[in-house]
Amino acid sequence: MKPFSLVVPHNLADAAEAAQKPTAVLKAAGIDLLDRLKERIEAPTEVVSLLPLKDELAGIAEANGELRIGALVTLAQIADAAALAGPAFAVIREAAGTAATPQVRNRATVAGNLVQKARCWYLRSAAFGCLHGRKGPACLAMTGENRYHSILGWHDCVRVHPSSLAPALLAMDAEYTTFAGGKTQRRKLGELYPKEAKALVDEHTLAQGEIITALHVPPQPADARSCYRESREKLSFDWATTAAAVRLQLAGGKITAATIVLGAVAPVPLPRPEAAKLLVGKAPSDELFKQVAEAAFTGAMPLAQNAYKVPVGMAVLREALHECAR
Amino acid sequence: MKGEVELKLGFGSHTETRKVEVPDGDAPPWDLNTRFTVVGTDTDRLDGMQKASGRAKYTYDINLPGMLYGLIVRSTIARGKLTALELEEARKMPGVRAVIAIKEAGKKVRFVGDEIAAIAASSIDLARDAAEKVGITYEAEDHNVDYLQAQGAPVVDDSGSVADDWTAHEKVDGALGKADVVHTGTYRTEVQTHSSLESHGQVARWDGDDLEVWSSSQATFGHRGELAAAMQARGYKTGSVVVHAEFVGGGFGSKFSAGVEGLACCALAREAQAPVKLMLNRFEEHTCTGNRPAVLIQIRGGVQKDGKLVAWDWRSFGGCGHNGGGGGAAQPDHYLGGIDQRRDHKDLATDTDPARPMRAPGHPQGYFGAELFLDELAMKAGIDPLELRQKNDKQVIRSEQWRMGADKFGWQKARNPKPGSPMPGDDPRFLRGCGLASARWGGMGGGQSGCTCRIHADGTVETRNGAQDIGTGMKTVMAVLTAEELGIAPAMVKATMGHTNDPSGPGSGGSTTTPSLAPTVRHAAWLARLELGKLVAKQLGVPAETVKFAGGKVGPGAPMLSWDDACKLIGPNPIETQGKRFPNYKDAAFNNGVCGAQFAEVLVDTWTGIVKVTRMLAVQDCGVVLLKKLAESQVLGAMIQGMSYALHEQRLLDRRSGRMLNGDFNNYKIAGPADMPEMECIMLSVANGHTNTGAVGLGEPPSVAAPAAIANAVFNAIGVPVRHLPITPDKVLVALSQRKGA
Amino acid sequence: MTREVEDPHGSAFSRRAFLKGASVAGIAGATASAATAAGKTLLGRRKPEVFGPGEHEIQLKINGKQRLVKVEPRTTLLDALRERLDLTGAKQICDRGACGGCTVLLDGEPVNSCLTLAMDAQGHELTTVESLSDGDKSHPLLQNFVACDAMQCGFCTPGMVMSSYACLQKRGKPDRAQIRHDLAGNICRCGTYGRIFAAIERTAQAGGR
């Protein structure tokens, strides 16, 4: 890594102020950040640590059925959280519990997971200069090696969004709170991600120095069920090749509400409301799920090497739907 | 011992008596009648606790006072010329103590990663900071990193088959014409990297002109010789050169040479007048330390209705690095004895890191093609794959292995009778199948080596050799052989390896460390036993030849001295003997090498294309099994490595730059704990008779069969072969879509 | 000695543990354990501390002992352990958190020390493989690693031991699926996984944790 100063703030306001500097960067556990610094694709002068801010940013609390998950809560804590027990929250637990490795999950924070940089191998190597990295004129993966890259929702950059928690929390209609310039703001989680994930747009919409403080999961009705499924190439540590986060409400043998969000297939976590609509009012069946999966992947634009993501992604979505409807 | 002896050789029901000429002075050879006390048992690995406790010091762990950190500066282009190299700016950087040129201006650059310069600084980060200041100018040329685009490459059609015509060959064409069933197929593998967990590298320290090196090495004497020669060639007055490799974190064939990094490390240490540690990072490990090359193989062959192979025509193309060599693929000769055949191979060069031998070079890839072809041919001819092998493989050890393995595995029951359809009782989403494959290897050992054995008056025993134990358990072999000779427990023997001031030994290659060194170690122990026996005989007033060593006691039977009392007879100078490696006994071997048979079962997920290996079984021989538990570990380990190669591993290059994109463990995928199948290994001990121990090599043979067995299992599951390794989900989905009626 | 500060405006401040005589520079990073349920903060805002980019001395609690070590902010815990404290059990293999060879325990939980800044490890209980043996004495897990031959080249072994140890500590008698799950972040190139599972199961059966 290149040299940097470590800034250790003792309150949120100081953290936000220190992180305002254009050459400063925020750090939670640093699981993604350290990877980027070691590759020397980034070289901040200051790294502002959020770890001291346990009081503001840690803990899972419940109030009136709504869950507040502090930004610093780790994936391991989420996977085991008593507050997230039950079929309604399975998608969040499963997304957190299957990510990466036990060692990473013990440190990686939910906020860090949501804002991590895409995992494109051209982007993440200092040896390449690509458009998204602001180091070159074009997307190198589009015409290069792209077996793990996007098949949906891409424009001029085919990076893939690697977060497992993003689709899961989006499927649960989560919201997020940020702190910046002395103010707190709460928004729907979908606003954390750009509408059009173009090359010259960051993975997230946070302003310089804006700090996520918490995630909020709304109260769940008794008949809600959720599920996260992903495909990989090997069962031990591996990145998802496709992922599906699903939330259903079932009553009287029929689906009364549905949310589908796809992961690992687009530059952003991808809600599929049109496909989810097809479920509403219907009884679960494999035939229905096949139809919905087709709809969810309509408009897929596979690249030279990743056409497999279409059938695999549909199969994973089908599996998630079956699991929810069990 | 000298002269002719009668040895009972072989195994189980396949034994023979052979008259063998034993060289004058060697220990009396073991045979099937030998009753062992500790050899062949489940002795614990001698250095196991050092490894488990984290106290074992590998090269990467060596920290010396005043030590600097070295780094190689490497080419970022794949092909061209270095036109200018400017080092002054780097020299001025904080913490930098030496900067040397490796490549001179005007010289060729041959691949991304080619060594250009080296830096030593007080921390690795400072060295990296300085590396960015090295001024490098290139004249780049067009490069090619795809061997199928290289000069001399075959034409490959859309189905992946070689499209060039076969040239006429009278015998082979004739045999194919007469065969009942003929088949052809094109098979393909990708580049696999060794991925030793401890990277390549060294720690070098000069004391005047004397050089001491810790090296992550699988050939301590090889490294020693290279470094000594290189330092002198560089103009450094060089006195003694000693290499240490007490613990080595994997080699798999890539660590025979000290490499450019080794030479650079020693040169930096000399220039900086301080010890230097230079270890490669993971990206360099993947891209600059050699690999198992890719290969494209096309086979056509013919079989009779009764299962007898009658024709074999093979042409293969190796996807090699810039030196255009090392890409050959081996074939299972044991099926092809006496039939009309042709074998052609061509190596193709690309502007990438050249091949280095990797665990059974040429074999896993060649056997994958050959064994999958045979299964396809068998299916076409309506013959069971096992029957096809047994019909054509007359090797007596492997015949037993096929029989034992098939029985233990439940071959008949496990086969999917309708490939492409789920088996009764299975979730219809999944397709089950099983496959088998053979292995063959040499590994008879030989060469020169020495061993020092010492017995001290306080009862402690040492055995010492300067070669390395890279995880095979050679140290434990040394202790067990010595303990066997002396009638004591292995825990009482201190075995030391890895320091070149001890007697010389072989590089760990060709699975020859044990077969080469074991007779030497045993010889040293046997000589030591004779000397101690003489002392005890004199003490007790009995003839020397009546003295036995057993159960920690020494004597003619009654009385018996305790080990400690026997050793008290030794004066202040220990008994010290030098073992010698006699040549392999002429015409003695029961078998010239080893065999092996493996079976695998898979479940293929028809929704996602993921292949899960559910179980694997190996029946493996290695001459006399010296250490049962450790031998099994070798076999099981090779099977997992083979599974990983079959399903996950491949080097992915960006064509435009020639640079590896997955030079890490994120996207270079190695099988992990969650991918483990149920595994079983049956060791078949064979008294081989060619040395005083009769041990043959083991590290490589089980690598040979594993990927092929899995590929065959996938074929049985789907009914359509996946002919291109690694068998990743995308390829499986294509095969699934090609099923009849899909 | 702990001194707690409160904010009259109600927003909580992190608690910091002061060690008598220790320099301020050595005590970055809040100790969550020092935060108590009692009480809000009350004094004025404490300014952020800035460390580096150069070296300075920090204190790390390793295997129960406080150790002083000089680090830069960019120094990883792995490098601090291996290069500066000669605790070479944890290995440098991939340096990117993908192989588990650098696994140590942080407050009893396995983490990749290569992806942990040394400075972030302050105030935590760090456990390395060296804690599991002392001279001739060794933890039953290590003995079972040897008995089951759960190593070949041995380079992945310390990381495997730490993940295995954590698995046993957490679960007591893990089943095979739990063992695979807990070890999924560790790679072995020599292929010792089956032996490692056996070593863990053997240790669990004998009641050793």
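Counted as membrane-span-like here are DSSP H helices of chain A whose alpha-carbon atoms extend 20 Å or more along the helix's own axis and whose Kyte-Doolittle mean is 0.5 or above; these are A:309-325. Fraction of C-alpha pairs exceeding 13 angstrom in region B:410-463: 76 percent, rounded to a whole number.
The sum of -39500 (n - 2.57) across all DSSP H runs of n ≥ 4, divided by the residue count of chain A, sets its helix-only mean residue ellipticity at 222 nm to -7000 deg cm²/dmol. The spacing between region B:681-719 and region C:172-205, judged by their C-alpha centroids, is 25 Å. With the convex hull drawn around the C-alpha atoms of region A:9-99, the volume per residue stands at 114 Å³.
Ranked by the mean number of other Cβ atoms within 10 Å per residue, highest first, peptides B:309-322, B:284-297 order as B:284-297, B:309-322. With the convex hull drawn over the C-alpha atoms of region B:441-480, the volume per residue is 95 Å³. When Rg and the Kirkwood Rh are both derived from Cα coordinates, the Rg/Rh ratio for region B:266-412 amounts to 1.17. Here the scattering of region A:121-252 is modelled by Debye summation over its C-alpha atoms, one equal scatterer each and no solvent; at q = 0.12, 0.13, 0.19 Å⁻¹ the log10 of I(q)/I(0) is -0.62, -0.72, -1.21.
Inter-chain neighbour count for C:141-149: the average number of beta-carbon atoms from partner chains within 10 Å of each residue's beta-carbon is 6. Translational diffusion of the protein assembly as shown was estimated from the Stokes-Einstein equation, with Rh taken as the Kirkwood radius over Cα pairs; at 37 °C and 0.692 mPa s the coefficient is 101 µm²/s. Based on protein heavy atoms only, region A:1-152 ends up with 30 Å² per residue of surface accessible to a 1.4 Å probe.
Accessible surface for B:Glu4 stands near 120 Å², nearest 10, in the context of the full protein assembly shown (1.4 Å probe).
Projecting the Cα atoms of B:Gly324, B:Gly259, B:Thr289 onto the charge dipole of region B:224-340, computed from C-beta unit charges around the Cα centre, puts B:Gly259 farthest toward the positive end.
Across peptide A:6-19, the average count of Cβ atoms from other chains found within 10 Å of a residue's Cβ is 6. Counts of other chain beta carbons within 10 angstrom of each beta carbon in peptide B:655-668 average 6.
Here the sum of -39500 (n - 2.57) over DSSP H runs of 4 or more residues, divided by the residues of chain B, equals -8500 deg cm²/dmol at 222 nm, to the nearest 500.
Summing both sides, the accessible surface hidden between C and A at a 1.4 Å probe radius is close to 3500 Å². Each of B:Gly498, B:Ala708, B:Val145 was scored by the projection of its Cα onto the charge dipole of chain B, and the greatest displacement toward the positive side belongs to B:Ala708; charges sit on the C-beta of Lys, Arg, Asp and Glu. Which of B:Lys494/C:Lys173; B:Lys51/C:Lys137; A:Lys117/B:Lys731 have a Cα-Cα distance over 26 Å? Checking Cα-Cα distances, B:Lys494/C:Lys173; A:Lys117/B:Lys731 exceed 26 Å. Near B:Arg659, the amide H atoms lying under 5 Å from its own belong to B:Asp654; only residues 5 or more places off or on other chains count, and H is placed 1.01 Å from N.
Cβ neighbours within 10 Å, averaged per peptide: list A:263-274, B:474-485 in order, most packed at the top.
Ranked by mean Cβ neighbours within 10 Å, highest first: B:474-485, A:263-274.
The share of alpha-carbon pairs in region A:224-324 lying farther apart than 24 Å comes to 19%. Among A:Val280, A:Val91, A:Val158, the largest mean-square fluctuation in a Gaussian network model of chain A (Cα springs under 10 Å) belongs to A:Val280. Using a probe of 1.4 angstrom and keeping all protein chains present, the accessible surface of region A:275-326 works out to 42 square angstrom per residue.
Out of every Cα-Cα pair in region C:68-209, what percent are more than 26 Å apart? Distances greater than 26 Å cover 20 percent of the Cα pairs. Counting only Cβ charges, +1 for Lys and Arg and -1 for Asp and Glu, the dipole size of the protein assembly as shown around its Cα centre is about 1060 debye. For trypsin sites (Lys or Arg not before Pro), the sites in region B:168-249 that DSSP calls loop and that have at most 16 other Cβ atoms within 10 Å are B:Arg234, B:Lys237. Accessible surface calculations at 1.4 Å, restricted to protein heavy atoms, place chain B at 34 Å² per residue. Whole-Hz Karplus values for region B:15-20 come out as 10, 8, 9, 9, 8, 10 Hz, taken residue by residue from phi with 6.51 cos²θ - 1.76 cosθ + 1.60 and θ = phi - 60°; glycine and proline positions read x. Under the convention that each Lys and Arg Cβ holds +1 and each Asp and Glu Cβ holds -1, the size of the dipole of region B:259-372 around its Cα centre is about 200 debye. Going from the chain on its own to the full set of protein chains, region C:83-114 has these residues losing 50 Å² or more of accessible surface (heavy atoms, 1.4 Å probe, no ligands, DNA or RNA): C:Glu83, C:Thr88, C:Ile93, C:Arg96, C:Ala98.
Interface burial in region C:160-194, defined as at least 50 Å² less accessible area with all protein chains than with the chain alone at a 1.4 Å probe, covers C:Arg180, C:Ala184, C:Ile187, C:Arg189, C:Tyr193.
Over all distinct Cα pairs, what is the inverse of the mean 1/r for chain A, reported as the Kirkwood hydrodynamic radius in Å?
Numbers: mean 1/r = 0.0499 Å⁻¹.
Taking the inverse mean of 1/r over all distinct Cα pairs, chain A comes out at 20.0 Å.
As an exercise, find the ratio Rg/Rh for region B:226-306 from alpha-carbon atoms, using the Kirkwood inverse-distance average for Rh.
Working: Rg = 20.5 Å, Rh = 16.2 Å.
Radius of gyration relative to Kirkwood radius: 1.26.
In terms of Cα atoms, the Rg and Dmax of region B:523-675 work out to 27.2, 83 Å. Close amide H pairs (under 5 Å, H built 1.01 Å from N) link C:Glu125 with C:Asp107, residues at least 5 positions away or on another chain. Of the residues C:Cys114, C:Cys167, C:Ala177, the one whose Cα sits farthest towards the positive end of the charge dipole of region C:57-205 is C:Ala177 (charges of +1 on Lys and Arg Cβ, -1 on Asp and Glu Cβ, taken about the Cα centre).
Paramagnetic label reach from B:Glu86 (point 7 Å along Cα→Cβ; backbone nitrogen cut-off under 11 Å): within region B:132-163, residues B:134-137. The order of A:Lys188, A:Lys54, B:Lys418 by accessible area, most exposed first and with a 1.4 Å probe, is B:Lys418, A:Lys188, A:Lys54.
Atom-type composition of the exposed protein surface of region A:63-103 places 57 percent of the accessible area on carbon and sulfur (1.4 angstrom probe). If you average 1/r over every pair of different alpha-carbon atoms in chain B and take one over that average, what Kirkwood value in Å do you get? Radius from the Kirkwood sum: 27.7 Å. Burial annotation for region C:42-80: residues with an accessible-area loss of at least 40 Å² between the isolated chain and the complete set of protein chains, computed on heavy atoms with a 1.4 Å probe, are C:Arg45, C:Pro48, C:Glu49, C:Pro53, C:Arg74.
Of the solvent-accessible surface of chain B, computed with a 1.4 Å probe and all protein chains present, 50% belongs to carbon and sulfur. Ranked by the mean number of other Cβ atoms within 10 Å of their residues, highest first, the peptides A:100-111, B:92-103 fall in the order A:100-111, B:92-103. Relative to the Cα centre, the charge distribution of chain B, modelled as +1 at Lys and Arg Cβ and -1 at Asp and Glu Cβ, gives a dipole magnitude of about 580 debye.
The values are calculated or read from the model by the stated rules, or taken from the named source; none is laboratory data. Owing to the predicted nature of the structure, the values given are computational and were not obtained by experimental measurement. Ideal geometry is used to build each Cβ from the backbone, glycine not excepted, and the neighbour counts take in all protein chains shown. For the accessible areas, the whole protein counts, side chains as well, though only heavy atoms, and no ligand, DNA or RNA atoms are used. Shrake-Rupley method; radii C 1.70, N 1.55, O 1.52, S 1.80 Å.
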